[in-house]
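Novice: Dropping a structure here in structure tokens format, bear with me for questions.
The values are calculated or read from the model by the stated rules, or taken from the named source; none is laboratory data. Note that the structure is a prediction, hence the values are computed from the model and not measured. Here the Cβ positions follow ideal geometry from the backbone for every residue, glycine too, while neighbour counts run over all protein chains shown. Calculation scope for accessible area: heavy atoms of the full protein, side chains included, ligands and nucleic acids excluded. Shrake-Rupley method; radii C 1.70, N 1.55, O 1.52, S 1.80 Å.
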Amino acid sequence: DGGITQSPKYLFRKEGQNVTLSCEQNLNHDAMYWYRQDPGQGLRLIYYSQIVNDFQKGDIAEGYSVSREKKESFPLTVTSAQKNPTAFYLCAGRRANTGELFFGEGSRLTVL
Amino acid sequence: GIQVEQSPPDLILQEGANSTLRCNFSDSVNNLQWFHQNPWGQLINLFYIPSGTKQNGRLSATTVATERYSLLYISSSQTTDSGVYFCAVAGNAGNMLTFGGGTRLMVKP
């Protein structure tokens with residue numbers, strides 16, 4: 001499956017600025033997810049959405065916000081309240097009949 | 001929540017060698033996936049295997065759900081197999097994947 005598209009791939013921001021990461025899918029997945037990965041670590045769940053106009057906090061939601069206005073789109077905003085925003089962010093969609101997750105290529109955010 | 005532990009954390013192989021990676025989890029699962037993260041960070045799906053055995057070329061995986069573990073076998077390893085291998089599971093109470101800490105594999109020529 002190659003239908004999860006994340007942009008931008010690399011992003012730099014100054015402290016105190018909000019930034020929005022895009023995640024678009026054309027696989028008709030109902031459920032979508034955002035994960036964060038720090039160097040040398042596994043992935044941790046930030047937010048997920050099981051249906052349009054609904055989303056739930058994951059394990060590390062503080063300092064992040066999401067929206068799900070369309071099935072195809074699940075953008076993540078990293079706000080200035082996030083104390084350690086420098087990380088690799090991965091978006092995923094879930095195949096409904098099996099529960100299998102498929103990931104985009106990721107967005108690498110660096111705060112200067 | 002469900003706990004996922006992978007072993008070994010690091011592994012260095014000579015090209016052509018075989019290896020076994022292990023994933024232990026703390027509760028019943030309805031989803032278990034193995035991923036390979038390449039040097040560019042992309043997560044590549046290897047297996048969706050909540051139970052049973054599957055094979056894909058030089059790779060195979062077995063999940064023994066009743067004993068709460070899964071194994072990933074890599075045979076005749078190649079340098080392109082290098083990277084990080086993640087096991088991720090979802091428990092019966094939800095469908096959010098919880099990731100293990102990964103096994104970092106380096107295959108030397």
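Novice: Any chance the stretch A:93-112 includes a residue that's open to solvent by less than 20 Å² (accessible area, probe 1.4 Å), within 29 Å of B:Ile49 (Cα to Cα), in contact with a Ser or Thr (Cβ under 9 Å, 6 or more places away or on another chain) and not acidic (Asp, Glu)?
Specialist: Yes: one or more hits.
Novice: Take the stretch A:7-18 and flag every residue that is open to solvent by less than 90 Å² (accessible area, probe 1.4 Å) and either more than 17 Å from A:Leu112 (Cβ to Cβ) or part of a strand (DSSP E or B) (or both).
Specialist: Hits for the stretch A:7-18 are A:Ser7, A:Leu11, A:Arg13.
Novice: Please name all residue pairs, on different chains or six or more residues apart, with Cβ atoms under 6 Å, provided the first residue is in the stretch B:34-57 and is without any contact (Cβ under 8 Å) to a residue 40 or more places away in the chain and the second residue is of a type outside the set (Ser, Thr, Tyr) and in a loop (DSSP other than H, G, I, E, B).
Specialist: Pairs found: B:Gly41/A:Gly106; B:Gln42/A:Glu105; B:Tyr48/A:Glu100.
Novice: Taking the stretch A:47-80 on its own, how many of its residues are closer than 20 Å to B:Gly41 by Cβ and away from chain B (no Cβ under 11 Å)?
Specialist: 6
Novice: Sticking with this structure for a sec: A:Lys9 versus (1) out of contact with any Asp or Glu (no Cβ under 6 Å at 6 or more places or on another chain); (2) in contact (Cβ under 8 Å) with a residue 40 or more places away in the chain; (3) more than 11 Å from every other protein chain (Cβ to nearest Cβ): which is the lone unmet condition?
Specialist: All conditions are met except number (3).
Novice: Follow-up question, since we're still on this one. I'm checking my understanding of the structure. Among residues of the stretch A:19-36 that are open to solvent by 20 Å² or more (accessible area, probe 1.4 Å) and within 14 Å of another protein chain (Cβ to nearest Cβ), which one is nearest to B:Phe35 (Cα to Cα)? Break it down into steps so the answer makes sense when it comes.
Specialist: The initial filter retains those residues of the stretch A:19-36 that are open to solvent by 20 Å² or more (accessible area, probe 1.4 Å), namely A:20, A:22, A:24, A:26-28, A:30.
Narrowing further to those that are within 14 Å of another protein chain (Cβ to nearest Cβ): A:27, A:30.
Values: A:Leu27: 19, A:Asp30: 22 Å.
Per the criteria, the residue is A:Leu27.
Novice: Related question: Being over 27 Å from B:Gly83 (Cα atoms) and buried (at least 17 other Cβ atoms within 10 Å of the Cβ) is the filter here; which residues of the stretch A:49-60 pass it?
Specialist: A:Ser49, A:Phe55, listed by residue number.
Novice: Could you tell me which numbered condition A:Val52 fails, if it satisfies all but one of (1) in contact (Cβ under 8 Å) with a residue 24 or more places away in the chain; (2) farther than 25 Å from B:Thr103 by Cα?
Specialist: Result: A:Val52 fails condition (1) only.
Novice: Hand me the list of strands (runs of 3 or more DSSP E) wholly inside the stretch B:39-109 holding 1 or more residues that are more than 9 Å from chain A (Cβ to nearest Cβ) and buried (at least 17 other Cβ atoms within 10 Å of the Cβ). Break it down stepwise before answering.
Specialist: On the way: elements: B:43-48, B:52-56, B:59-64, B:69-74, B:83-91, B:103-108.
The strands (runs of 3 or more DSSP E) meeting that bar are B:43-48, B:59-64, B:69-74, B:83-91, B:103-108.
Novice: Would you mind telling me which numbered condition in (1) within 10 Å of the chain's Cα centre (by Cα); (2) under 21 Å from A:Arg44 (Cβ atoms) B:Ala61 fails?
Specialist: Against the list (1) within 10 Å of the chain's Cα centre (by Cα); (2) under 21 Å from A:Arg44 (Cβ atoms), B:Ala61 comes up short only on (2).
Novice: Suppose the filter is polar (S, T, N, Q), part of a strand (DSSP E or B) and within 12 Å of the chain's Cα centre (by Cα); does B:Thr20 pass it? Lay out the reasoning, then the answer.
Specialist: Values: polar (S, T, N, Q): yes; part of a strand (DSSP E or B): yes; within 12 Å of the chain's Cα centre (by Cα): yes.
It is true that B:Thr20 is polar (S, T, N, Q), part of a strand (DSSP E or B) and within 12 Å of the chain's Cα centre (by Cα).
Novice: Looking at the stretch B:1-12, is at least one residue among the acidic types (Asp, Glu), part of a strand (DSSP E or B) and either away from chain A (no Cβ under 11 Å) or open to solvent by 50 Å² or more (accessible area, probe 1.4 Å) (or both)?
Specialist: Within the stretch B:1-12, one or more residues are among the acidic types (Asp, Glu), part of a strand (DSSP E or B) and either away from chain A (no Cβ under 11 Å) or open to solvent by 50 Å² or more (accessible area, probe 1.4 Å) (or both).
Novice: I would also like to ask the following. Go through (1) more than 15 Å from the chain's Cα centre (by Cα); (2) away from chain B (no Cβ under 12 Å); (3) under 22 Å from B:Gly102 (Cα atoms); (4) not small (Gly, Ala, Ser) for A:Thr86 and report which single condition fails.
Specialist: The single condition A:Thr86 does not satisfy is (1).
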